[in-house]
Amino acid sequence: MKIAVYPGSFDPITNGHIDLIQRALLIFDRIVVAIADNVEKEREYLFTMEEREDMVKETLKNMERVEVMRFKGLLADLVKKLGACSILRGLRAVSDFEYEFQMALMNRKLAPEAETFFLMPSEHYVYLSSSLVKDIARFNGNICEFVPKVVERELKKKFGFA
Ligand code: ADP
């Protein structure tokens, strides 16, 4: 069974993340979406761990072969625990590359049994990021084509527009 771990902050999950998961399902048997439970970064996140997890679970609930979990600590340890053969990451633009390259090589050192697997999203989502969505939502801009319904609702609530 080919298991891929898809780690991220998912603050919040966007259609770009979903696009990547759908592509990965064509290649892997199981995708484990691992939401970073990072206390040090909690202040930088807009949504709490619980809120991020609830939105991801609600969004992916009908996707067979996709599991959602939180993770703390080293990704390499999670990879070992799950017996995953791959770490899934997305590449949108050149700007993602340097950081991802560094992480991939470090993860290879820490967990040589898993390869980092990069996927490109549909061109519709190449410019999409959780940060951009938050910036638009903060001013009540229209984000319906970028995020699932549940996220749109939660963002409106968070910024006091609902
Ligand atoms: P992190 O804080 O770990 O970067 P994110 O939730 O922002 O967490 O992203 C998780 C992964 O999903 C990253 O590899 C990121 O490049 C990828 N990703 C995010 N948005 C998109 C998108 N629109 N298209 C493709 N990949 C994306």
Item to complete: Identify the single condition in (1) of a type in the set (F, W, Y); (2) within 13 Å of the ligand (Cβ to nearest atom); (3) outside any helix (DSSP H, G or I) that Y99 does not satisfy, given that it satisfies every other one.
Response: (3)
Fill in: Odd one out for F97, checked against (1) farther than 28 Å from F159 by Cβ; (2) crowded, with 20+ Cβ neighbours inside 10 Å; (3) under 17 Å from the mean Cα position of the chain (by Cα)
(2)
Worksheet item: How about the stretch 73-82: which of its residues are surrounded by 13 or more Cβ atoms within 10 Å (Cβ to Cβ) and over 20 Å from K41 (Cα atoms)?
Response: V79, K80, L82
Worksheet, complete the sentence: Of the residues in the stretch 13-57, those that are open to solvent by less than 20 Å² (accessible area, probe 1.4 Å), farther than 17 Å from L82 by Cβ and touching a Leu at 6+ places or on another chain (Cβ under 7 Å) come to T14, G16, L20
Discussion item. Checking the condition within 12 Å of the ligand (Cβ to nearest atom), surrounded by 12 or more Cβ atoms within 10 Å (Cβ to Cβ) and at pLDDT 95 or above, which residue from R70, R108, R89 passes?
Written reply: R89
Worksheet item: So, of the residues in the stretch 130-161 that are small (G, A, S) and in contact with an Asp or Glu (Cβ under 9 Å, 6 or more places away or on another chain), which turns out to be most open to solvent (accessible area, probe 1.4 Å)?
Response: S131
Practice prompt. Being out of contact with any strand residue (DSSP E or B) (no Cβ under 9 Å at 6 or more places or on another chain) and among the acidic types (D, E) is the filter; apply it to the stretch 12-57 and report the residue that is nearest to the ligand (Cβ to nearest atom).
Written response: E44
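To keep it simple, each residue is scored yes or no on (1) within 24 Å of E113 (Cα to Cα); (2) at pLDDT 95 or above; (3) more than 10 Å from the ligand (Cβ to nearest atom); (4) in a loop (DSSP other than H, G, I, E, B).
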residue: Y6; (1), (2), (3), (4): yes, yes, no, no
residue: T59; (1), (2), (3), (4): no, yes, yes, no
residue: E64; (1), (2), (3), (4): no, yes, yes, yes
residue: K81; (1), (2), (3), (4): yes, yes, yes, no
Worksheet item: In the stretch 103-126, how many are in contact with a Gly (Cβ under 9 Å, 6 or more places away or on another chain) and not in a helix (DSSP H, G or I)?
Response: 7
Worksheet item: Got a sec? Which of I143, I87 is assigned to a loop (DSSP other than H, G, I, E, B), among the β-branched types (V, I, T) and touching a helix residue (DSSP H, G or I) at 6+ places or on another chain (Cβ under 9 Å)?
Response: I143
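The values are calculated or read from the model by the stated rules, or taken from the named source; none is laboratory data. Owing to the predicted nature of the structure, the values given are computational and were not obtained by experimental measurement. Note that we place each Cβ from the backbone using ideal geometry, even for glycine, and neighbour counts take in every protein chain shown. These area figures cover heavy atoms from the full protein model, side chains too; ligands, DNA and RNA do not enter into them. Shrake-Rupley method; radii C 1.70, N 1.55, O 1.52, S 1.80 Å.
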